[in-house]
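The values are calculated or read from the model by the stated rules, or taken from the named source; none is laboratory data. Since we're looking at a predicted model, the values are computed, not measured. Glycine also receives a Cβ, built like all others from the backbone with ideal geometry; neighbour counts cover every protein chain displayed. Each accessible area value is taken on the protein alone, full model and side chains, heavy atoms only, with ligands, DNA and RNA left out. Shrake-Rupley method; radii C 1.70, N 1.55, O 1.52, S 1.80 Å.
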Amino acid sequence: MAFTENEETKLKAIIAAFDNAQQVDDLPQSDMSATDKIIEVFDKKSGKSEQMTIKNAVQLGQHPWCGRVWNLDNATPKAAAYVGSLELLQNLHQELGLGCYLVKNDHTRRKLDSKDHYKYATGEAAKLDGTEGHYQWGWGKEWYMVIKTVGRLHYEMVSPWPIQGEFNYKIPIGSISAAGFATLERSTGKLVSYINDGADYRGGNNDATLDNTNRTMLGKPATQQTIEYFRAAARKNGTGWLCTTMRHTAAIAVLFGVIFGTHYDQAAVNSAKDENGLFQGGLGAGVTQMPDWNGYNGYRPVVPMSAGIELGDSCGESSYRSKKDDGTVVYTAKIPSFFGYKNGFGNLWRMMDDEQVQCNEDTSVVHLVAPSIYGTWTIGKAEGMIAYSKSETEGEGWVKELCMEHLENFPTKKGGTETTYWTSYFWNNSGATSGFRLCLRGASASHGGLCGLSTLCVNYAVSDAVASYGAALCEAASEWSVEPTYYAAA
């Protein structure tokens, strides 16, 4: 086959370039007089060679970050792509130290064995009954989170180091009840995360008449208290202790979205990694499908705080059988685990400590948030809190738009479905035109697919104390601001 004159010219140019090519050792010595030099890099995700400044390459190599990006024009809860370091994303749970700890009131903590929570990571026996601390789930180091929307692309990014050129939320070392909920130490009034079947830790409404039945409240989460009672009970552990916080639930929602690449937390469990070696699937249905809950035990807690401990720090689900007093199984509950954090949604409603809503004349609500974990505020008053996002007017529906600024995790627009957008539900049916309402998160054992890491109900009065309302015990070792800080590029 003969080449055209044009093709011959190109071939000669290619041959000349090859003959004249230099080895690295033949290139002239560079100096430090300019900082805008570039190098060639290969992107394994796209299979393309690209250019990058040396400055950015060094920064990415020394302080990598990872995340996911969602296309807001698509209804799918699955991320469109990962961004940043694939290696960090594959191992993010290990880098941050996600898992279960025993945490003392002074915030010192010891990591539990990843497979056996009755042992420390060092191999020594560990007691979860309260004698060695609270049985908590969290992270072992500070980390940073970036939430941003560029055009119609929504980014959630995480790193053990500040992500340069971005507004970062600094996440202090912290934890939340590993069981998803806490109980009360009845003799002291403290909110505690102990795995203890003693009468002093009777959950629910402290009904001793159920002690010798299959509906016992021994070892169950505490319920049927007001939010102010739970808040005061948490603070009896010391400074930096709270009951369920918006901060912790937002951080968990972001970690799940980034690590699993989806906002659909109730997707079926899939233990296999995807083609990039990343987690996929979801956490399963959870404790969300209890039949005739009222008839069984009057909406009291169904599963004990010990359920799911056998999963260790794994992701997946186990089962717990709720029985009638004659031994008949009425419900086989699925206990979801996110690296050891159980019942992140469903089971019981979570009463929130650092947030509430204020009702407007048009029945919409404004989100009020405590700016400091060390501040003073009362649920039912605006003092000590800052107003941020506003929801739509009265109504309920699946969340289509969610504000994650200021770590709010707050629905602002409805119109999704159980398996689209944020896959969580929002209730604002109080019809109130003034006053304040509780923030209740996660939904309960009978709400099925309505449950989720971003599910929120703002229907009820701040004075409510209900059999199906519980709280987790939360703590942070240092201040946790809801304002991001900009870290300039080096």
Residue 416 vs. criteria at positive phi, modelled with pLDDT of 95 or more and small (Gly, Ala, Ser): no
Here, strands (runs of 3 or more DSSP E) confined to segment 366-483 with at least 3 residues that are open to solvent by 50 Å² or more (accessible area, probe 1.4 Å) and of a type outside the set (A, V, I, L, M, F, W, C) are 395-403
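Would you check which residues across segment 215-259 are of a type in the set (D, E, K, R) and either in contact (Cβ under 8 Å) with a residue 40 or more places away in the chain or more than 20 Å from residue 134 (Cα to Cα) (or both) and list them?
215, 220, 228, 231, 236, 247
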Among the residues of segment 276-309, the number that are outside any loop (DSSP other than H, G, I, E, B) and hydrophobic (A, V, I, L, M, F, W, C) is 2
Can you pull out every residue in segment 217-275 that is open to solvent by less than 10 Å² (accessible area, probe 1.4 Å), closer than 27 Å to residue 463 by Cβ and in a helix (DSSP H, G or I)? 227, 230, 233, 234, 246, 247, 248, 250
Here are the criteria: (1) open to solvent by 10 Å² or more (accessible area, probe 1.4 Å); (2) within 20 Å of residue 230 (Cα to Cα). Tell me which single one residue 347 does not satisfy. (1)
Quick check on this structure: which one of 88, 98 is open to solvent by less than 30 Å² (accessible area, probe 1.4 Å), more than 24 Å from residue 201 (Cα to Cα) and more than 16 Å from the chain's Cα centre (by Cα)? 88
Does residue 214 satisfy the criteria of being open to solvent by less than 30 Å² (accessible area, probe 1.4 Å) and not in a helix (DSSP H, G or I)? no
Determine whether residue 362 is modelled with pLDDT of 95 or more, open to solvent by 50 Å² or more (accessible area, probe 1.4 Å) and at positive phi. no
Taking the condition closer than 30 Å to residue 81 by Cβ and within 19 Å of the chain's Cα centre (by Cα), does residue 268 pass? yes
Checklist (1) open to solvent by 10 Å² or more (accessible area, probe 1.4 Å); (2) part of a loop (DSSP other than H, G, I, E, B); (3) not hydrophobic (A, V, I, L, M, F, W, C) applied to residue 209, failing item: (2)
Open to solvent by 30 Å² or more (accessible area, probe 1.4 Å) and within 21 Å of residue 205 (Cα to Cα): which single residue out of 320, 299 fits that description? 299
Can you find a residue that is without any contact (Cβ under 8 Å) to a residue 60 or more places away in the chain and touching a strand residue (DSSP E or B) at 6+ places or on another chain (Cβ under 9 Å) anywhere in segment 298-310? yes
Given (1) buried (at least 16 other Cβ atoms within 10 Å of the Cβ); (2) modelled with pLDDT of 95 or more, where does residue 63 come up short, assuming only one miss? (2)
